[in-house]
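J.: Take this structure first; my questions come after.
Please treat every number below as a calculation from the coordinates, not as lab data. These figures come from a predicted structure and were not determined experimentally. We place every Cβ from the backbone using ideal geometry, glycine too, and count neighbours over all the protein chains shown.
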Amino acid sequence: MADRFNKILVANRGEIAVRVIRACREMGIASVAVFSEADRAARHVRLADEAWPIGPARAADSYLRIDRVIEAACASGAEAVHPGYGFLAENARFAQACEEAGLVFIGPRSETITLMGEKTSARRLAVAVGLPVVPGTLEPLADDAAIRQEAERIGFPLMLKAAAGGGGKGLRLVRSAADLVSAAARARSEAQSAFGDDRVYLEKALVRPRHVEIQVMADHHGNVVHLFERECSIQRRHQKVVEESPSPLLTPDLRARMGTLAVALVRKAGYVNAGTLEFLMDESREPYFLEMNTRLQVEHPVTELVTGVDLVKLQIRIAQAERLPFAQEDLVQRGHAIEGRIYAEDPDSGFLPSPGRILALRVPGGPGIRDDSGVEDGDEVPSHYDPLVSKLLAWGEDRASAIARMRRAVREYRVLGIKTTLPFLDRVLRHPDFVAGRIDTSFAERLGRDSPPEEDRPWPVAVAAAAISAFEQRRAARTPSAVPAASAWRREGRVESTGGRG
Ligand code: MV4
């Protein structure tokens, strides 16, 4: 077995940097934060054992600078680097730069990142192990003639996708042959500017699909397990809003089948560490493999809550060349977990970013609640980065109790100073279609377009004004918990208990 790490550099910011630093602390490993000029006083910087500046606020000049992150890692004496998600997490050149600098990249090998980053090579691998893929091409298409020919074979509607893509970038729905060539030109130029690679391929378009993903974990000794699924259909503009496990849609049989196939792909790829296989499901619940994400995902805590496995600690142990401490048969999904993402965005103004200073913060707690946050009271939410500020999670014995806890916690949450998506989460959690599990990838888009009915608004303007004024009085007086604040909270409690549906 390789030596245990003494020090890990966390190449990220916000809630995920906090999450990794916490895991390090629990394992007795020193943590090194890196920070941009906008993040000098950020929570991840305050929580880490040491912190190194890596450049100006712009991510391209700091968190995306491979040279500066590697330099900080070497200078600090860290033995390993945790990339979190986003930024450099799926950048094969970064993983390679770590390998070359003698640093352990906490994730898969750089060649595996390259293999999965090329969507058509991931599809070819999936086909080779018998995973169902959406009908389409297994190679990028050379020119318009090839695109036309393949499109006729596959049939419309279809999706044009960037070979180097992933997420929503370089994605184009094409409804008919008439739109094909112009759509291809746009997809190519979008892919070129986003990935520096203009290759595209085709897939048959699934209508109103559902998005289900399988978490996998593999060690360096050939042991591979899956940790069941996460349902991620509630997204808007390719931003997930609510995730849960188990998926209300999967049967035990389908779950086992998808898990077994996921494990087969991981083995075939020689994949190591944490990964996620994305699937789309059509109305007949037929799953189709889409792509593999070679990182820890934002929504990993829902898997942690139902399996009891700390995925970040497990990632670190695997990177230390330890063996998986359990076999597939030891894993069970217990109860139900739901995550709601809290973004610094204003749902009442088309989800415009809402950076600024957090003037007051009350984080919910109590039975079954977890809050993974990158901020504290008084912190600044910079405008330069992803607007995700926190993830609120609830665990319950079944889906109904998880929903009830989540609803309770969302209304306990108070954020003053910035707008957040908490009111939108409240609406999702109370929507009859969500409660019934009738969700597909168009659910949140539709909900986000409609303005909420007046009686559904959880925090009337007058109550918010009272809370702000109470907060300001409290701050001026420098006395803890003055009476007006307490009564404002109490009044809202009454509104909730008499006004809510369901
Ligand atoms: C699709 C699709 C329909 N058919 N592929 C969007 C993100 C990327 N990972 C894959 N995406 C999609 N691929 C085929 N063949 C629809 C989407 C899609 C989507 C998928 C999951 C969740 C939300 C979505 C929103 C729009 C489009």
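J.: Relative to 2.2 N^0.38 Å, what does the C-alpha radius of gyration of the chain come to as a ratio? Two decimals please. Walk me through the numbers on the way to the answer.
T.: Numbers: Rg = 23.1 Å, N = 502, 2.2 N^0.38 = 23.4 Å.
For the chain, the normalised Cα radius of gyration comes out at 0.99.
J.: Of Ala218, Val302, Val133, which is farthest on the positive side of the dipole of the chain, counting Cα position, with +1 on Lys and Arg Cβ, -1 on Asp and Glu Cβ, and the Cα centre as origin?
T.: Val302
J.: Scanning the chain for trypsin sites (Lys or Arg not before Pro) in DSSP loops with at most 10 other Cβ atoms within 10 Å, what's the longest stretch left with none?
T.: Numbers: sites that count: Arg237, Arg478, Arg501.
Formally, the longest exposed-site-free interval is 238-477.
J.: In debye to the nearest 20, how big a dipole does the chain give about its Cα centre with +1 on each Lys and Arg Cβ and -1 on each Asp and Glu Cβ? Don't skip to the answer; put the middle values down first.
T.: Working: 68 positive and 69 negative charges, 193 e Å.
In debye, rounded to 20, the chain gives about 920.
J.: Give me the net charge of Leu9's neighbourhood, meaning all other residues with Cβ under 10 Å from the Cβ of Leu9; Lys, Arg count +1, Asp, Glu -1. Numbers along the way, then the final one.
T.: On the way: positive: Lys7; negative: Glu50, Glu79.
Residues close to Leu9 contribute a combined charge of -1.
J.: Give me the base-10 log of I(q)/I(0) for region 99-171 at each q in 0.24 Å⁻¹, Debye formula, one uniform scatterer per Cα, rounded to two decimals.
T.: The calculated log intensity ratios at q = 0.24 Å⁻¹ are -1.21.
J.: Quick one: which of Lys7/Lys313; Lys169/Lys419; Lys161/Lys268; Lys268/Lys313; Lys240/Lys268 span more than 18 angstrom between C-alpha atoms?
T.: Working: Lys7/Lys313 14 Å; Lys169/Lys419 27 Å; Lys161/Lys268 24 Å; Lys268/Lys313 25 Å; Lys240/Lys268 29 Å.
The pairs that break the limit, which is 18 Å between Cα atoms, are Lys169/Lys419; Lys161/Lys268; Lys268/Lys313; Lys240/Lys268.
J.: Just want the answer: with Cβ charges of +1 for Lys and Arg and -1 for Asp and Glu, which residue in Val312, Pro252, Ala409 is farthest toward the dipole's positive end in the chain?
T.: The one lying farthest along the dipole's positive direction is Ala409.
J.: Taking N as the number of residues in region 1-146, what is its alpha-carbon radius of gyration divided by 2.2 N^0.38 Å? Please list the in-between numbers first.
T.: On the way: Rg = 18.1 Å, N = 146, 2.2 N^0.38 = 14.6 Å.
That ratio works out to 1.24.
J.: Taking the Cα centre of region 29-79 as the origin, how large is its charge dipole in debye, to the nearest 20, when only Lys and Arg (+1) and Asp and Glu (-1) carry charge on their Cβ atoms?
T.: Values: 6 positive and 8 negative charges, 45 e Å.
Once rounded to the nearest 20, the dipole reads 220 debye.
J.: Moving to a separate point now. Test of understanding: extend the Cα→C-beta vector of Glu111 to 7 Å, then name every residue of region 246-277 with backbone N under 17 Å from that spot.
T.: Under 17 Å, as judged by backbone N against the label point of Glu111, lie 266-273 of region 246-277.
J.: If you take the alpha carbon radius of gyration of region 326-394 and divide it by 2.2 N^0.38 Å, what ratio comes out, to two decimals? Let's see the in-between values first.
T.: On the way: Rg = 16.0 Å, N = 69, 2.2 N^0.38 = 11.0 Å.
Relative to the 2.2 N^0.38 Å estimate, region 326-394 comes out at 1.45.
J.: I would also like to ask the following. Bin by bin, in steps of 10 Å, what percent of the Cα pairs in region 135-204 do you find, going until the bin that has the longest distance?
T.: Result returned by the calculation: 24, 62, 14.
J.: Quick one: which residues, 5 or more positions from Phe228 or on another chain, have an amide H under 5 Å from its amide H? H modelled 1.01 Å from N in the peptide plane, none for Pro or chain starts.
T.: For Phe228, the qualifying residues are Gln215.
J.: So how far, in whole Å, is the C-alpha centre of region 212-279 from the one of region 335-371?
T.: 25 Å
J.: Which percent of Cα pairs goes in each bin when the distances of region 13-82 are cut into 10 angstrom slices starting at zero?
T.: Binned Cα distances yield the sequence 22, 58, 20, 1.
J.: In percent, how large is the relative contact order of region 7-106, given Cα pairs closer than 8 Å and 6 or more residues apart? Walk me through the intermediate numbers first.
T.: Values: 185 pairs, mean separation 29.3, N = 100.
This gives 29 percent for region 7-106.
J.: Between beta-carbons, use under 12 Å as the cut-off and find the net charge around Ala57, counting Lys and Arg +1, Asp and Glu -1. Let's see the in-between values first.
T.: Details: positive: Arg13, Arg40, Arg58; negative: Glu37, Asp39, Asp61, Glu380.
That works out to -1.
J.: Can you pull the one-decimal nm distance between simple spin-label points at Ala404 and Val207, each 7 Å off the Cα toward Cβ?
T.: Here the modelled spin labels are 3.9 nm apart.
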